[in-house]
Amino acid sequence: MIQIKNSYTVDEATKKLEGYCAYQDRCHKEVISKLRAMNMIPEAIDLIVGHLIKENFLNEERFARSFARGKFNIKKWGRIRIENELKYREISKYNIKLAMEEIDSKEYLKSFNSLAKKRLAEIREKDLQKRRKKLADYLLYRGWESGMVYEKVYELVPNK
């Protein structure tokens with residue numbers, strides 16, 4: 001069976017993307033890839049993206065700020081992981097800087113400490129070195145700064 005891809009008029013695609021952007025904040029890269037998947041031509045993509053920006057459906061600063069807040073508060077990601085994810089989404093350095101301001105320093109440290117303690121309690125490894133490594137790997141993967149991570153690892157898993 002041959003599958004025929006849908007084709008959209010500019011108005012249909014615009015309405016579809018307005019809903020897509022209204023549902024949750026999107027970055028330009030997501031919107032453009034969605035339009036490409038809809039087989040829109042480059043001129044139509046430019047026209048639709050321009051309309052979405054003008055009508056405030058698409059706002060990169062708003063996206064970056066809400067992304068940083070959400071990933072920190074819900075997924076407990078560190079600044080490094082959040083920054084890398086924003087760079088991957090081709091967010092400007094200026095907007096990344098604004099997004100990082102959304103993370104309160106006191107909350108950041110509090111969250112880091114509770115996450116490290118919670119994870120350490122889950123690690124069943126008896127060997128101290130392996131225990132330290134598992135904790136450090138977990139925290140580094142989540143994007144916490146290496147200096148903080150190693151300091152916390154040696155504080156929570158001291159030499160006996």
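The values are calculated or read from the model by the stated rules, or taken from the named source; none is laboratory data. Here the structure is a predicted model, which means the values were calculated and not measured. Cβ sites come from the backbone with ideal geometry, for glycine too, and all protein chains shown count toward neighbours.
Quick grid of which residues meet (1) among the hydrophobic types (A, V, I, L, M, F, W, C); (2) more than 22 Å from the chain's Cα centre (by Cα); (3) not assigned by TED's automatic domain parsing to the domain that holds ARG142:
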| residue | (1), (2), (3) |
| --- | --- |
| ALA22 | yes, no, yes |
| ASN39 | no, yes, yes |
| ARG69 | no, no, yes |
| GLU85 | no, no, yes |
| TYR88 | no, no, yes |
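From the list LYS34, LYS76, which one is out of contact with any His (no Cβ under 6 Å at 6 or more places or on another chain) and not in a loop (DSSP other than H, G, I, E, B)?
LYS34
In the stretch 1-16, the residues that are among the small types (Gly, Ala, Ser) and surrounded by 12 or more Cβ atoms within 10 Å (Cβ to Cβ) form Cβ pairs under 6 Å with partners that are at pLDDT 90 or above and not in a loop (DSSP other than H, G, I, E, B), at six or more places apart or across chains, as follows: ALA13/ILE48.
Answer yes or no: is there a residue in the stretch 99-110 that is in contact (Cβ under 8 Å) with a residue 40 or more places away in the chain, part of a loop (DSSP other than H, G, I, E, B) and surrounded by 18 or more Cβ atoms within 10 Å (Cβ to Cβ). No; the residues of the stretch 99-110 include none that is in contact (Cβ under 8 Å) with a residue 40 or more places away in the chain, part of a loop (DSSP other than H, G, I, E, B) and surrounded by 18 or more Cβ atoms within 10 Å (Cβ to Cβ). Only a single criterion out of (1) surrounded by fewer than 19 Cβ atoms within 10 Å (Cβ to Cβ); (2) touching a Ser or Thr at 6+ places or on another chain (Cβ under 7 Å); (3) assigned to a helix (DSSP H, G or I) is not satisfied by ILE48, namely (1). One residue stands out among those in the stretch 32-65 that are of a type outside the set (A, V, I, L, M, F, W, C) and without any contact (Cβ under 8 Å) to a residue 12 or more places away in the chain: the one that is nearest to ALA22 (Cα to Cα), which is ASN56. Within the stretch 76-96, the residues that satisfy the criterion of being more than 18 Å from ARG26 (Cα to Cα) and either touching a Pro at 6+ places or on another chain (Cβ under 6 Å) or among the basic types (Lys, Arg) (or both) are LYS76, ARG79, ARG81. Looking across GLU125, GLU155, one residue alone is assigned to a loop (DSSP other than H, G, I, E, B) and modelled with pLDDT under 95. It is GLU125.
Name, by its number, the condition in (1) in contact (Cβ under 8 Å) with a residue 12 or more places away in the chain; (2) out of contact with any helix residue (DSSP H, G or I) (no Cβ under 9 Å at 6 or more places or on another chain) that does not hold for GLY70. Tallying (1) in contact (Cβ under 8 Å) with a residue 12 or more places away in the chain; (2) out of contact with any helix residue (DSSP H, G or I) (no Cβ under 9 Å at 6 or more places or on another chain), GLY70 fails exactly one: (1). When LEU128, LEU109 are checked against the criterion of being of a type in the set (A, V, I, L, M) and under 14 Å from PHE72 (Cα atoms), a single residue qualifies: LEU109. Out of curiosity, is ALA121 of a type in the set (A, V, I, L, M, F, W, C), in contact (Cβ under 8 Å) with a residue 24 or more places away in the chain and either at negative phi or surrounded by fewer than 13 Cβ atoms within 10 Å (Cβ to Cβ) (or both)? Spelling it out, it is not the case that ALA121 is of a type in the set (A, V, I, L, M, F, W, C), in contact (Cβ under 8 Å) with a residue 24 or more places away in the chain and either at negative phi or surrounded by fewer than 13 Cβ atoms within 10 Å (Cβ to Cβ) (or both).
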